[in-house]
Amino acid sequence: MSRRAVVIGAGLAGMLAAAALSGAADEVVVLDRDELPDGPEHRKGLPQGRHAHLLMAGGLAAMEDLVPGVSMRKHLLAAGAHEISLGSGMVALTPEGWLRRWRRPGPQMLTCTRALLDWAIRDAVLTHTGVQVRRAQALEPTGSRQRVTGVRLSTAAGDEELAADLVVDASGRGSRIGTWLTALGVSDVREKTVDAGLVNATRLYRTPTGAGRFPLTMVQANPYLGRPGRSAMVLPIEGDRWMVSLAGTRGGGEPPSDPDDFLRYTLDLPDPIVGRLISGAEPLTDVHVSRSTSNHRRYLEKTRHWPEGLVVLGDALATFNPAYGQGMSVAALGAQVLSRELRQGGLGGPGLARRVQRGAARSVEAAWTMALSQDVWFPGTRGGSPRVADRLVTAYTRRMIRTATGSYTAASAVWDVTSMTTSPTRLLRPSTVLATLSGPPLPTALGAPLTREERDILHGLDRTRV
């Protein structure tokens, strides 16, 4: 008997879930209401699509495992993505000081537009599997609290029901899964939102001549001053361009949409390095602003009853403040859990959906903890405030970051957790704790750790001195 799986949403989470399903189902159908572009172009269904995205090593490793017959790393690099070493290819001012750049290896991350990333993944999945994409609006899953049996959908030709052995909701931040579960009889879903009121503002620039190898540059927000957070980032993307993303929290930290004010915002940060860089660069776009940035989590793994045949992944399961670069990796790790469970128990195995939800919750919990540990400190944050446990964790974390500015041992632990290649328990290993308690063996850098060539590039671009 032929087995069909239906995935709602053709974004990153949906296509990776479809890749996971392609080896277990005879037919995999992905539904999306958008007309999908043939190339790396922005589309309406990606509310954060114009802003900075970092694909961490843990997420990339999961993608490598998911898409058969292709190396996603090589595929993305061939499409124009950049590979950045956290240890040597990044210049970052943290709340505890400048991170050093080390010659020893560290995790890699990929940078590119979200449009390129989504297109490259969709292209790889459709080329190397039998997955099909249909333009349709998913109206609701069919079935009961015991089992979901398919999806009722709307197309240009009218409404229809599509039977399925497994339905995956990967429809993103706008998912209606809460309403759908209530209609199925699952009414005990606990949800939580923590919203720092973050606003993103992004503009693209042409990479200046000779600056193609300038490191990814960021000035991080400081949540511990009792003031709104303000940050900025310059990252290389495909097409010889720089993506410059600003982010700030409610109450006065929000970045502007006016181009002149955009530059002034960067110059008013604790270090003006981002403003100095872009003051001599050619802008290619207007400033794009977005406010869909809250942390929101559905604790689906904790429901008393969960229907067979239904899985929820990606932003439909949990969203995170995009400033921390976790969402895509969490989606990939969730799809990897689905793939692993399918290999062990098959598409129709009893309890499959429940096991996937519980497995996906582990990477969600790690990212959620990291995001909230900072967001709860910003003034005006809604839905959360520091507790006693938060204060203890923050005291240790701040000391570790301070140590990481001058300790390779501490820095490598921070990289591993940030990259989602290991769990946050990595920060509690004896060697890491000892390094943290001992403090940095090297003094804190007094300024951005640039090479002589990079300082010359910065000096040549800087129009703020004129």
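One table, with the values for the structure above:
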{"quantity": "Crossing angle, helix 452-461 versus the chain [Cα axis fit, 0-90 degrees, rounded to tens]", "calculated": "90 degrees"}
{"quantity": "Inter-part distance where segment 404-466 and segment 238-279 are each reduced to a Cα centre, Å", "calculated": "22 Å"}
{"quantity": "The chain - share of DSSP beta bridges that are antiparallel (%, nearest 5)", "calculated": "70 percent"}
{"quantity": "Rounded to 10°, Cα long-axis angle of helix 408-418 versus longest principal axis of the chain", "calculated": "30 degrees"}
{"quantity": "Crossing angle, helix 12-22 versus the chain [Cα axis fit, 0-90 degrees, rounded to tens]", "calculated": "40 degrees"}
{"quantity": "P(r) tail fraction, segment 250-326 - alpha-carbon pairs more than 22 Å apart, %", "calculated": "49 percent"}
{"quantity": "Carbon/sulfur fraction of accessible area - segment 123-168, other protein chains in place, 1.4 Å, %", "calculated": "42 percent"}
{"quantity": "Heavy-atom surface of the chain, accessible at 1.4 Å and reported per residue (Å²)", "calculated": "42 Å²"}
{"quantity": "By accessible area with a 1.4 Å probe, ligands and nucleic acids excluded, highest first: order of Trp180, Trp377", "calculated": "Trp377, Trp180"}
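The values are calculated or read from the model by the stated rules, or taken from the named source; none is laboratory data. Because the structure is a prediction, the values reported are computed rather than measured. Heads up: the accessible areas ignore ligands, DNA and RNA and are worked out on the full protein's heavy atoms, side chains in. Shrake-Rupley method; radii C 1.70, N 1.55, O 1.52, S 1.80 Å.
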